[in-house]
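Heads up: the structure comes next, in structure tokens.
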Amino acid sequence: MKVAVLGGGPAGLYFAISMKLRNSSHEVTVVERNKPDDTFGWGVVLSAETLENLTRNDPVSAVWIKRYFAYWDDIAVIHKGVRTVSTGHGFCGIGRKRLLTLLQRRARELGIKLQFETEVPDPKPYMETHDLVVAADGLNSRSRAAFAEVFKPDIDVRKCKFVWLGTNQKFDDAFTFIFEETEYGWVWAHAYQFDPETATFIVECSQETWDAFGFGAMTQQESIATCERIFEKHLGGHPLMTNANHIRGSAWINFPRVLCERWSHKNLALMGDASASAHFSIGSGTKLALESAVALADYVHSEPNLPAAFEKYESARRTEVLKLQSAARNSLEWFEEVERYLHLDPVQFNYSLLTRSQRISHENLRLRDPEWLGDAEAWFHRQAGNTGNLHRAPMFAPFKLRDMVVRNRVVVSPMAQYKAVDGCPTDWHFAHYAERAKGGAGLIYIEMTCVSPEGRITPGCPGFYAPEHEVAWKRLVDFVHRETDTKICAQIGHSGPKGSTQLGWEESDAPLAAGNWPIMAASDVPWSPRNQAPKPMTRADMDFVRDQFVASAEMAARCGFDMLEIHAAHGYLLSSFITPLTNRRSDDYGGSLENRMRYPLEVFHAMRAVWPQEKPISVRISANDWVGAEGVTPAEAVEIARMLQLAGVDICDVSAGQTSIRARPVYGRMFQTPFSDRIRNETGMATMAVGNIFEPDHVNSILMAGRADLVCLARPHLADPYWTLHAAVTLNDRDVKWPDPYLPGRDQIYRLAERTATMGLKV
């Protein structure tokens with residue numbers, strides 16, 4: 001097979017080597033625009049796993065490469081003058097120039113033709129004269145551009161500015177992150193050793209800080225001198241160096257995140273940064289390139305023809321690439337918004353940085369560095385006011401809102417049961433909520449309980465509007481207080497445009513087959529073409545419904561609930577005022593965000609006036625309508641939270657979506673937590689995180705990183721009312737309180753867990 005590789009970086013060279021190793025008769029040529037000893041990067045980072053893969057593929061070059069690796073286990077974070085070090089991370093680095101030299105040497109040894117200083121403006125001539133062409137020509141791939149209509153690249157130029165520098169200052173004891181506050185804003189560096197004398201030193205900052213410094217008008221030497229001044233106390237007198245003197249100006253760039261819809265066309269395949277890029281903050285770009293090179297070489301030889309090989313290559317590698325790109329996106333977004341977190345204590349800031357990509361979990365950190373994590377957990381408990389055992393996971397720390405103290409940070413989210421009769425909770429509700437109160441969570445919610453018959457979502461939804469409702473709810477609250485330490489919250493709401501619909505297990509949000517009642521909302525915007533158009537509320541309607549909310553709050557207070565939540569999310573009545581998707585009003589309650597928030601805030605103030613002052617009130621919001629700028633965006637959600645905070649709301653329950661059938665949410669683990677994170681760290685308001693949170697690790701990482709103050713789990717508590725107690729067993733925490741009649745079961749489950757752990761160790 002006659003093979004042309006366009007681009008002589010790590011991806012191109014390693015693919016050429018891999019092809020020759022599989023069949024020495026292949027005629028392979030690598031075409032590179034630069035000289036053999038040119039390189040415009042400094043060091044590259046690989047993991048132990050990648051090294052193992054290289055060894056399996058080509059033991060010869062792997063031995064050469066390993067000989068020049070700089071290894072380190074530690075990550076150091078310098079923030080607010082404090083240097084925090086954690087270990088067990090396992091990285092290695094090598095100079096990019098050294099890596100290229102070794103791969104060039106191996107390629108020549110295998111009979112690969114290396115053709116330098118050759119521009120390839122268009123891959124088509126090579127496609128006509130070669131059986132296989134691999135385009136490994138980098139982020140600005142000309143091959144990708146030549147067939148852009150086929151590859152359909154999505155190039156997302158990110159916010160931060162960065163410049164890739166080097167230094168002879170030693171950073172050989174740890175991968176080091178340095179954050180410095182300057183007169184123009186924060187500037188930070190990623191520094192790591194890659195040979196005995198040289199370290200990479202990437203300097204990064206926001207666009208605003210970059211503009212304020214005037215970096216764009218500086219020469220490279222002026223820019224470097226400014227960076228040397230910023231990081232003077234960390235450089236030990238050593239200068240910063242550039243190897244990009246060929247570039248005019250300061251050499252700062254924005255990172256382009258590349259992802260192509262297709263990676264192949266006819267006999268041409270994209271590889272490395274040409275097909276997909278991963279942000280340098282997780283150090284996986286070279287890993288992706290080398291492992292993709294091995295995979296394509298394998299499939300070219302295992303599959304019957306080139307189209308089949310390309311199909312297998314794209315299918316297999318795309319999954320891995322997307323995983324790494326997801327982690328890289330999380331990481332780069334953290335750095336883009338790092339000024340949101342710089343107020344955090346160095347302990348929490350360090351944890352937030354380590355877990356930014358979501359690839360490293362709480363318990364994974366314990367495996368890496370149990371001493372550091374134990375100290376961090378103790379810090380968290382001290383901050384929470386815990387005077388007892390400090391060596392516990394964050395989820396078991398207490399939390400105080402006004403006079404209410406919850407024993408841990410786990411919340412049983414409100415989950416509609418659709419079992420009420422004429423708005424009255426039944427034995428089903430008593431059994432359901434009593435069981436979850438016994439399950440160990442610090443706080444449980446009852447489902448959205450409606451202020452009127454017309455305010456119900458479905459005929460099966462409960463209410464706070466009749467005497468028998470009060471009797472039933474009080475019976476439950478009295479049981480929870482008498483038999484458990486769990487606090488119980490009443491969520492109060494009005495269905496608005498989503499009312500008069502079928503039970504959840506029938507056709508959700510669809511109108512009733514018969515017996516529909518009239519509904520009202522901010523405007524006459526129906527939930528869907530099938531649903532009835534709500535009546536736009538008049539001022540009299542607004543007063544009437546506000547008073548219904550007040551009456552429901554008074555009933556909840558008489559029942560003895562510990563906390564109140566106002567449901568202003570998910571497209572229900574108050575949400576219909578907040579989101580512009582359903583608020584089309586032209587009066588003082590429509591248009592600007594201030595106007596759209598006016599009625600929900602009126603309702604809150606009226607309820608706060610009758611709710612006991614020592615007890616907290618929460619408001620649940622939809623922080624993202626998932627329709628872009630037409631609806632509520634995460635940025636606008638921050639402003640919504642600020643208004644709630646200013647009004648006196650104690651905590652924001654941060655949900656998202658369910659405000660329009662047009663919504664296109666992006667699902668995933670903890671997919672709504674970033675909205676809670678942003679609100680908490682930009683406003684200082686306490687928050688609750690919700691949304692596909694289902695493991696103790698999720699809860700602990702959210703809390704320890706400061707992304708929320710309480711963590712809500714819904715479906716896990718449907719499957720397991722004792723989720724919190726079982727999580728404690730998993731974490732070997734014996735300080736949780738079990739109901740007295742269940743103590744024999746507690747003792748047995750801990751014994752069984754011990755036995756399983758012992759057997760696992762023996763194996």
> Taking the Cβ of Ala556 as the center, what net charge do the other residues with Cβ under 11 Å away carry, scoring Lys and Arg +1 and Asp and Glu -1?
Replying inline: -1
> When the dipole is taken about the Cα centre of region 202-263, and only Lys, Arg (+1) and Asp, Glu (-1) are charged at their Cβ, what size is it in debye, to the nearest 20?
Replying inline: 180 debye
> According to the square roots a ≥ b ≥ c of the eigenvalues of the Cα gyration tensor, what is the shape class of region 559-659, taking rounded for a/c under 1.5, prolate for a/b larger than b/c otherwise, and oblate for the remainder?
Replying inline: prolate
> For region 643-698, rounded, prolate or oblate, judged on the Cα gyration tensor with a ≥ b ≥ c (square roots of eigenvalues), a/c < 1.5 rounded, else prolate if a/b > b/c?
Replying inline: oblate
>> Given axes a ≥ b ≥ c from the Cα gyration tensor, I'd like to know whether region 1-125 is rounded (a/c under 1.5), prolate (a/b larger than b/c) or oblate.
In response: prolate
> Which one of Ala327, Leu288, Leu344 has its Cα pushed farthest toward the positive end of the charge dipole of region 244-384, where Lys and Arg give +1 and Asp and Glu give -1 at the Cβ?
Replying inline: Leu288
>> Could you tell me the relative contact order of the chain? Use alpha-carbon pairs under 8 Å, at least six residues apart, and round to a whole percent.
In response: 9 percent
> Over the heavy atoms of Tyr445, what accessible area does a 1.4 Å probe trace out, to the nearest 10 Å²?
Replying inline: 0 Å²
>> Please report the net charge: other residues with Cβ closer than 11 Å to the Cβ of Thr724, K and R +1, D and E -1.
In response: +3
>> With θ taken as phi - 60° and the coefficients 6.51, -1.76 and 1.60, list the Karplus ³J(HN,Hα) couplings across region 56-72 in order, rounded to whole Hz; mark glycine and proline as x.
In response: 5, 7, 8, x, 5, 5, 4, 4, 4, 5, 4, 4, 10, 6, 9, 10, 8
> With every protein chain present, what is the per residue accessible area of the chain (1.4 Å probe, Å²)?
Replying inline: 40 Å²
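Sort 2-9, 635-642 by the packing proxy (mean of other Cβ within 10 Å over each peptide's residues), most packed first.
2-9, 635-642
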> Charges only on Cβ, +1 for Lys and Arg, -1 for Asp and Glu: so what's the dipole of region 621-763 about the Cα centre, in debye to the nearest 20?
Replying inline: 440 debye
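So what is Rg over Rh here for region 396-519, counting just Cα atoms and using Kirkwood for Rh?
Looking at region 396-519, the ratio lands at 1.01.
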>> Quick check on packing: order 433-442, 698-707, 504-513, 173-182 by the mean number of other C-beta atoms within 10 Å, highest mean leading.
In response: 698-707, 433-442, 173-182, 504-513
> Which option, (i) 27.0, 93; (ii) 29.8, 90; (iii) 28.7, 93, is the value of Rg and Dmax of the Cα atoms in Å that was calculated from these coordinates?
Replying inline: (ii)
> Which percentage, to the nearest 5, of the DSSP beta bridges contained in the chain is antiparallel?
Replying inline: 50 percent
>> Rounded to the nearest angstrom and ordered from largest down, what semi-axes does the equivalent ellipsoid of region 337-427 get from its C-alpha gyration tensor (root of 5λ)?
In response: 34, 18, 15
> Per the helix-only calculation at 222 nm, which mean residue ellipticity applies to the chain, given -39500 (n - 2.57) for every DSSP H run of n ≥ 4 and division by its residues, nearest 500 deg cm²/dmol?
Replying inline: -12000 deg cm²/dmol
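Can you sort Trp72, Trp527 by solvent-accessible area, 1.4 Å probe, largest first?
My answer, sorted largest first, is Trp527, Trp72.
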>> Using only the heavy atoms of the protein chains and a 1.4 Å probe, how would His717, His726 rank by accessible area, largest first?
In response: His726, His717
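What does the charge dipole of the chain about its Cα centre add up to, to the nearest 20 debye, if the Cβ of each Lys and Arg holds +1 and the Cβ of each Asp and Glu holds -1?
Working: 83 positive and 93 negative charges, 230 e Å.
The calculation lands at about 1100 debye.
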>> To check my understanding: the extent here is largest minus smallest coordinate of the Cα atoms along each principal axis. What are those three numbers for region 418-465, in Å, largest first?
In response: 35, 18, 15
>> Show me, for region 558-570, the HN-Hα J-couplings you get by feeding each phi into the Karplus relation (A = 6.51, B = -1.76, C = 1.60, θ = phi - 60°), rounded to Hz, glycine and proline as x.
In response: 5, 6, x, 4, 7, 8, 10, 10, 9, 7, 10, 10, 6
>> With a 1.4 Å probe and all protein chains left in place, how much of the accessible area of the chain comes from carbon and sulfur atoms, in whole percent?
In response: 51 percent
> Local charge sum around Trp164 (other residues, Cβ-Cβ under 12 Å, Lys/Arg +1, Asp/Glu -1)?
Replying inline: +1
>> Give me the percent relative contact order of region 517-657, please, defined on Cα pairs under 8 angstrom at least 6 residues apart.
In response: 23 percent
> What is the set of long-range amide H partners of Ile444 at a cut-off below 5 Å, with H atoms built 1.01 Å from backbone N?
Replying inline: Val412, Lys487, Ile488, Cys489
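The values are calculated or read from the model by the stated rules, or taken from the named source; none is laboratory data. The model shown is predicted, which means the values in this text are computed figures rather than measured ones. Backbone-built Cβ (ideal geometry, glycine too); neighbour counts: all protein chains shown. Heads up: the accessible areas ignore ligands, DNA and RNA and are worked out on the full protein's heavy atoms, side chains in. Shrake-Rupley method; radii C 1.70, N 1.55, O 1.52, S 1.80 Å.
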